[in-house]
Amino acid sequence: MVAAIAVKDQSDNTRMDPRFGRCSFFAIYNSDNDYLQFVTNPAQAEQHGAGTQAAQFVAEYGVDKVFAHEFGPQAHEVLVKLGIEAIKKDEGSALAEILAELRG
Amino acid sequence: MTHQGFRIAVASGKGGTGKTTVSVNLLYAIKDELKDKGHKITLVDCDVEEPNVVIFTGGEFELGKKSGILVPEIIEDKCIYCGVCARVCNYNAIVFVKKIPKIMVMEDLCHGCGACTRFCAPRAIKEKFKHLGDINYYKLQDYKLQDNVQVVEGRLNVGDTVPTPVLRDTKGEVAHEPFVIYDAPPGTSCSMVETIEDADYVVLVSEPTPFGLNDLKLAYEVVREMDKRAGLIINRSDLGTENTREFAAEVGLPLLMEIPFDRRIAEVYSRGGIVVEELPDYKEKFRRVYEYIVHGQKAGAPS
């Protein structure tokens with residue numbers, strides 16, 4: 001299972017960025033090999049359709065789940081159509097908490 | 001600009017400064033003069049996101065024409081999943097995921113520019129019409145107005161977020177009319193730029209408050225950038241500060257008129273009446289603004 005988490009910085013103790021489409025980074029976590037990587041969100045400064053771009057971007061990593069505080073309507077629609085689960089978490093949730101949850 | 005025709009846009013940076021009041025009263029102040037010369041005058045409500053001119057002029061819905069854009073539809077059999085359409089889209093309205101592969105169109109984000117269709121090598125895109133809004137005509141209740149005053153509005157569908165195509169179609173609808181007043185949307189957005197683009201003169205309406213001035217400066221910048229003739233009307237001119245007048249003097253923006261915070265205006269307005277019809281002194285003021293715009297003569301002294 002692969003998950004993308006919208007986060008503020010590239011560090012293990014970072015917190016969730018409230019916005020999905022315009023978040024700074026995505027933490028991409030693969031539970032099969034317990035591998036975590038940080039990637040810059042290329043859509044963060046888009047003038048139009050940041051949400052759809054961000055959704056397209058994480059989909060290329062083959063994610064099954066996406067975590068953010070809020071999803072815009074367009075981004076949400078794209079994720080649903082791609083069969084990706086969009087999961088809302090409290091603003092300011094720690095990346096570590098979400099990873100712990102994913103690791104079960 | 002002459003008595004042979006004009007396109008006057010009434011705009012403002014800030015909302016609620018009195019654009020529509022000015023547009024409607026300007027129309028009523030000059031309609032008889034134009035009628036005597038055998039001309040028709042058209043008032044166009046360009047605030048397609050919330051048109052309100054007809055509330056003041058009164059009028060019964062007469063005719064609506066559909067307005068919209070062509071949005072892409074992907075013919076999956078022909079699609080080679082190259083992703084070019086998604087790359088050329090400036091509005092990110094096409095989502096392409098190579099890994100699956102999957103391609104989809106987000107119609108709400110599409111501005112109908114047609115770039116995707118043009119760049120699709122296998123011609124896997126066909127365009128279909130998407131209804132975005134309507135261009136509405138109203139039959140004015142006052143029969144004396146019917147033969148020389150026309151009110152046209154653009155109205156964007158509730159829930160749609162792309163106003164400019166409806167605005168463009170609405171302007172196209174009146175392109176052949178010689179005497180036109182555009183009631184512009186507030187702000188300095190695409191819709192405001194689109195409205196004043198083919199105006200000969202822009203009347204900026206502001207109020208002498210810090211917010212009013214801030215937004216006036218932005219609107220003035222747009223007008224200057226577009227190289228338009230412009231003048232200023234200060235509404236509720238006896239409230240607030242002197243800063244707005246000082247700004248106008250500094251940049252050389254002619255002060256066309258000041259409308260004081262006059263109880264008589266409030267009374268007429270709250271009844272849904274037309275100020276210049278009930279208060280002759282204001283009719284004269286608006287007429288002088290028109291004379292100034294058309295002939296470049298000095299408008300009446302500020303009240």
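Kindly provide the helix-only [θ] at 222 nm of chain A, computed as the sum of -39,500 (n - 2.57) over DSSP H runs of four or more divided by all residues, to the nearest 500 deg cm²/dmol?
Numbers: 3 runs with 28 residues, N = 104.
It lands at -7500 deg cm²/dmol.
Compare the peptides B:152-165, A:32-45 by average per-residue count of other Cβ atoms within 10 angstrom and give them in order, highest first. Present the calculation step by step, with values, prior to reporting the outcome.
Values: B:152-165: 18.9, A:32-45: 13.1.
For the peptides B:152-165, A:32-45, the packing ranking is B:152-165, A:32-45.
Using the Cα centre of chain A as the reference point, and only Cβ charges (+1 on K/R, -1 on D/E), how large is the resulting charge dipole? Debye, rounded to the nearest 20.
On the way: 9 positive and 15 negative charges, 39 e Å.
Result for chain A is approximately 180 debye, rounded to the nearest 20.
Of the listed peptides B:197-210, A:11-24, what is their order by residue-averaged count of other C-beta atoms within 10 Å, with the highest listed first? Don't skip to the answer; put the middle values down first.
Details: B:197-210: 21.6, A:11-24: 18.6.
The packing order, highest mean first, is B:197-210, A:11-24.
Dipole of segment B:55-95 (Lys/Arg Cβ +1, Asp/Glu Cβ -1, origin at the Cα centre): which of B:Ile74, B:Phe56, B:Cys89 lies farthest to the positive side?
Farthest towards the positive end: B:Cys89.
When the C-alpha atoms of segment A:1-99 are aligned to their principal axes, what extent does each axis show, in angstrom, from largest down?
32, 24, 22
Along its three principal axes, how long is the protein assembly as shown when you only count alpha carbons? Whole Å, largest extent first please.
83, 49, 37
Rounded to the nearest 5, what % of the DSSP beta bridges within chain B are antiparallel ones?
Working: 25 of 53 bridges.
For chain B, the DSSP antiparallel bridge percentage is about 45.
What is the diffusion coefficient of segment B:1-157 in µm²/s, taking the Kirkwood radius over Cα pairs and the Stokes-Einstein relation at 4 °C with a viscosity of 1.567 mPa s?
On the way: Rh = 18.9 Å.
In µm²/s, the coefficient is 69.
Please list the helices of chain A that count as membrane-span-like by this rule: a mean Kyte-Doolittle hydropathy of at least 1.6 together with Cα atoms stretching 24 Å or more along the helix axis, each helix being a complete DSSP H run. Don't skip to the answer; put the middle values down first.
Values: long enough: none.
Qualifying helices, which must be both long enough and hydrophobic enough, do not occur.
Eigenvalues of the Cα gyration tensor times 5, then square-rooted: what semi-axes does that give for chain B, in whole angstrom, largest first?
Values: eigenvalues 341, 98, 52 Å².
Semi-axes, largest first: 41, 22, 16 Å.
Given points 7 Å out from each Cα along the Cα-Cβ axis, report the B:Cys113 to B:Tyr269 separation in nanometres with one decimal.
Distance between label points: 4.0 nm.
Under a GNM of chain B (C-alpha, springs under 10 Å), which listed residue has the highest mean-square fluctuation: B:Ile69, B:Ile94, B:Ile55?
In this elastic network of chain B, the residue with the biggest mean-square fluctuation among B:Ile69, B:Ile94, B:Ile55 is B:Ile55.
Pop a pseudo-label 7 angstrom from the Cα along the beta-carbon direction at both A:Glu60 and B:His176 and give the gap in nm to one decimal.
Modelled inter-label distance: 5.1 nm.
Count the lysine pairs in segment B:72-225 whose Cα atoms sit under 28 Å apart, keeping only pairs 8 or more residues apart in sequence or on different chains.
21
Once you order the gyration tensor axes a ≥ b ≥ c over the Cα atoms, which shape class does segment B:101-222 get: rounded for a/c under 1.5, otherwise prolate or oblate by comparing a/b with b/c? Please list the in-between numbers first.
Working: a/c = 2.45, a/b = 1.47, b/c = 1.67.
Note, shape of segment B:101-222 comes out oblate.
For segment B:75-90 and segment B:27-74, what is the separation of their Cα centres, given in Å?
First find each Cα centre; the distance between them is then 39 Å.
Each reported figure results from applying straightforward, stated rules to the coordinates on display, with no laboratory input. This is a predicted model, so every value here is computed, not measured. Here Cβ is always computed from backbone atoms with ideal geometry, including for glycine, and neighbour counts include all displayed protein chains.
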